[in-house]
Amino acid sequence: MSKKHGKHHRGQKHGRGVTDGDDLNATAGSDRPSTARWASAVDTLAESEPAALRGHRATPIVAAPGVVAVEPGARFDLASVEADADGGLDKAWAKEALDTERARIVALQERLYAERSRSLLLVFQAIDTGGKDGTIRAVLKGVNPQGCAVASFKVPSSEEMDHDFLWRYHARTPGRGMIGVFNRSHYEDVLVVRVKGLVPEAVWQSRYGRINDFERLLTESGTTVLKFFLHISKAEQKKRLEARIADPEKHWKFDPADLVERKSWDAYQQAFADALSRCSTPDAPWLVVPADHKWFRNYVIAKTVADTLAAMDPQFPEAVKGIAELKVPD
């Protein structure tokens, strides 16, 4: 394990089962009252709120040309975005440029991990075959896996259903220094839940405001939230479904239920448009990416991630004084 991504930070558990800092969850048999134990942990608690978060302001989201940012508070017409747009870019050029953007992401991710005071959450939503898996693979290739975590949300478990709808998502948000990725997300609870009529309308209607509150909490706590909607055309979805049927090695990705879901195309488009309109905020705007062309999609998302990380400007922590003069013994 590398020193950069493997060392223990104060308060983290070692294999021997103890922590570097004071244990806030001391056993009930302790002869010190709970309030006293909290008071004795003042230094550890202070470190849990890094200086970078004092007076924290949201990082401006830097969307690449060709990505459509949904204006907060405005009604958004998803049909106005051409799914097959390519920004006038050359395909060969974009593929080479993708390598450059990935290299920037890798370098900035190392600084973010070392700084360990803020985090980045990437949210990906799309209709079936929209390209979420492929985008994540293409954009984050080379990123150190110890500084990145991907969460894929499918049908909730019985335990998850016993909690509020945001519980399972909040538990997977990235810790400080991390890049978190949501492959599908909390928006499923105003999308598939709505289209399939799994809860009453009054329930899913109330969730837009709670989603905005949730994202504002993350932002104010030091997490920059980048939300990408991968916009493909109905014709492109047909091509991708047919390709999965034709290729035996892709059969595992094909579910006959996808053909049933396709019949609800218009209902899903309306649900997406409403979510984009009602949950695009100044701190966490929705970014609509024309995604019929995978090469264009990958490049503009990688550039957006790299430019946003650059705007965050994470810094390596100050080195121990005199380290440059140290000599390694023979």
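Data for the structure
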read-out	value
One residue from Ser185, Ser157 being of a type outside the set (Val, Ile, Thr) and more than 20 Å from Ser280 (Cβ to Cβ)	Ser157
Filter result for the condition that a residue is closer than 22 Å to Leu218 by Cα, surrounded by fewer than 17 Cβ atoms within 10 Å (Cβ to Cβ) and either hydrophobic (A, V, I, L, M, F, W, C) or touching a helix residue (DSSP H, G or I) at 6+ places or on another chain (Cβ under 9 Å) (or both), over Gln125, Gln146	Gln146
Any hit, the range 226-236, residues being surrounded by fewer than 18 Cβ atoms within 10 Å (Cβ to Cβ), of a type in the set (Lys, Arg), in a helix (DSSP H, G or I) and free of Cβ contacts under 8 Å to residues at least 24 places away in the same chain	no
For Val260: the one exception among (1) buried (at least 17 other Cβ atoms within 10 Å of the Cβ); (2) assigned to a helix (DSSP H, G or I); (3) of a type outside the set (D, E, K, R)	(1)
Residue in the range 291-299 that is over 26 Å from Asp99 (Cα atoms) and crowded, with 17+ Cβ neighbours inside 10 Å present	no
Considering residues of the range 94-117 that are among the polar types (S, T, N, Q) and buried (at least 17 other Cβ atoms within 10 Å of the Cβ) only, the residue farthest from Leu140 (Cα to Cα)	Ser117
For Ala58: the one exception among (1) in a loop (DSSP other than H, G, I, E, B); (2) of a type in the set (A, V, I, L, M); (3) surrounded by 12 or more Cβ atoms within 10 Å (Cβ to Cβ); (4) at pLDDT 70 or above	(4)
Residues (within 18 Å of the chain's Cα centre (by Cα) and among the basic types (Lys, Arg)) located in the range 143-194	Lys154, Arg168, Arg172, Arg176, Arg184
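The values are calculated or read from the model by the stated rules, or taken from the named source; none is laboratory data. All values derive from a computational prediction rather than experimental measurement. Quick reminder, even Gly has a Cβ in these numbers, built from the backbone with ideal geometry, and neighbours come from all protein chains shown.
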